[in-house]
Amino acid sequence: MLFADRGEDADLGRRLACRSRLSVVTDVVEIAADGVRRRQPGAGFSLRDRAQLLLLARGVAEAKLPFVGKGERLETAALPAVSEQVQDLGSAASPASELALEEADLIVSAGNGVSNVPGFLALAEALGAAVGASRVAVDDGRFTRDKQVGATGKTVQASAYIALGISGAVQHLQGIKSCRHVIAVNLDAAAPMIKRADLSIIDDCQSFISAFEQLVRRERKEKQV
Ligand SMILES: Cc1cc2nc3c(=O)[nH]c(=O)nc-3n(C[C@H](O)[C@H](O)[C@H](O)COP(=O)(O)OP(=O)(O)OC[C@H]3O[C@@H](n4cnc5c(N)ncnc54)[C@H](O)[C@@H]3O)c2cc1C
């Protein structure tokens, strides 16, 4: 059985698993023949035996990967109401620049090639992504030290890491080795970051940033998300 791992329905699967004593795996990102792969806080991804109930967050799984099972539907007993002792305080949106890098699922990161910092921050805001930076971009004052990714900065484990104008020095790559997908924008097709990336765009990152921000805002408006 698949249940939501995040959002307002997140406790439904957990309550069913407790009540029916089902084995459960949370933070699932892939379902494969050899088991399920889950995000392991602080340690990338781990492989677990398949359980009776899997909790997935929206959008984390690769739709193209095969899902195991016959799609059978089971009737479930009505669940008790959420305890009155639980008080829902609602959710509050926090600015992208304040998201913790170590916990972020989507990071947009700036290197020396990013000269338009306000435009870059506007893109991060539109994407709802956490902000990262290379040491050069931090050293010259464009970003605060807590944004530095790499050997002497933060180690990150995002599902997607968008590297804008970052060469991909070994010290920087060390901080992103657990990232699942890397997208690089760079003028230099021979940059090490381009070799590390799953998707590369050889272009000026200033024009990419403004075009991508407009696209994201337009898509969000049309889809009302
Ligand atoms: C002991 C030690 C520890 C270090 N720790 C870290 C660390 O934790 N994190 C870290 O990041 N670095 C670290 N460094 C520094 C590291 O070696 C690199 O110097 C640094 O990562 C380079 O940053 P950068 O790629 O942003 O800048 P650059 O090396 O200047 O590269 C800029 C890149 O942007 C591209 N570019 C330029 N203009 C544009 C444009 N308009 N559009 C698109 N692309 C463009 C260029 O082609 C180039 O690839 C460390 C170094 C040492 C010695």
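Rule-based calculations on the coordinates, nothing more; no lab input. Note that the coordinates shown come from a computational prediction; the quantities given were computed from them, not determined experimentally. Positions of Cβ are generated from backbone atoms using ideal geometry, with glycine treated the same way; all protein chains shown enter the neighbour counts.
Quick one: Cα convex hull volume of the chain, Å³ per residue?
Normalising the Cα hull of the chain by residue number yields 159 Å³.
Among 199, 52, 3, which residue has its Cα furthest toward the positive end of the charge dipole of the chain, with +1 on Lys/Arg Cβ and -1 on Asp/Glu Cβ?
Positive-most Cα among the choices belongs to 52.
Based on DSSP H runs of at least 4 residues, each adding -39500 (n - 2.57), what is the mean residue ellipticity at 222 nm of the chain after dividing by all its residues, to the nearest 500 deg cm²/dmol?
Values: 6 runs with 57 residues, N = 225.
Calculated mean residue ellipticity at 222 nm is -7500 deg cm²/dmol.
Can you give the angle from 0 to 90° between the axis of helix 117-127 and the longest principal axis of the chain, with both taken from C-alpha atoms, to the nearest 10?
Once rounded, the angle reads 20 degrees.
Could you size up the charge dipole of the chain around its Cα centre, putting +1 on the beta carbon of Lys and Arg and -1 on that of Asp and Glu, and report it in debye to the nearest 20? Before the final figure, lay out each step's value.
On the way: 28 positive and 28 negative charges, 99 e Å.
In debye, rounded to 20, the chain gives about 480.
For segment 117-225, with only Lys/Arg (+1) and Asp/Glu (-1) charged at the beta-carbon, what is the dipole magnitude about the Cα centre, in debye rounded to 20?
The calculated dipole for segment 117-225 is roughly 360 debye.
For segment 2-56, state the average projected area of the convex hull of the C-alpha atoms over all orientations, rounded to one decimal in nm². It would help to have the intermediate numbers written out before the result.
Working: hull surface 15.0 nm².
Taking the Cα atoms of segment 2-56, their convex hull projects to 3.7 nm² on average.
Cut-off is 10 Å between beta-carbons; in what order do 115, 200 appear when sorted fewest neighbours first?
115, 200
Ordered by packing density, taken as the mean number of other Cβ atoms within 10 Å over each peptide's residues, highest first, how do 156-166, 201-211 rank?
156-166, 201-211
For segment 96-223, what is the convex hull volume of its Cα atoms per residue in Å³?
93 Å³
Any chance you could give the angle, 0 to 90 degrees and rounded to 10, that helix 10-20 forms with the longest Cα principal axis of the chain?
Approximately 30 degrees, to the nearest 10.
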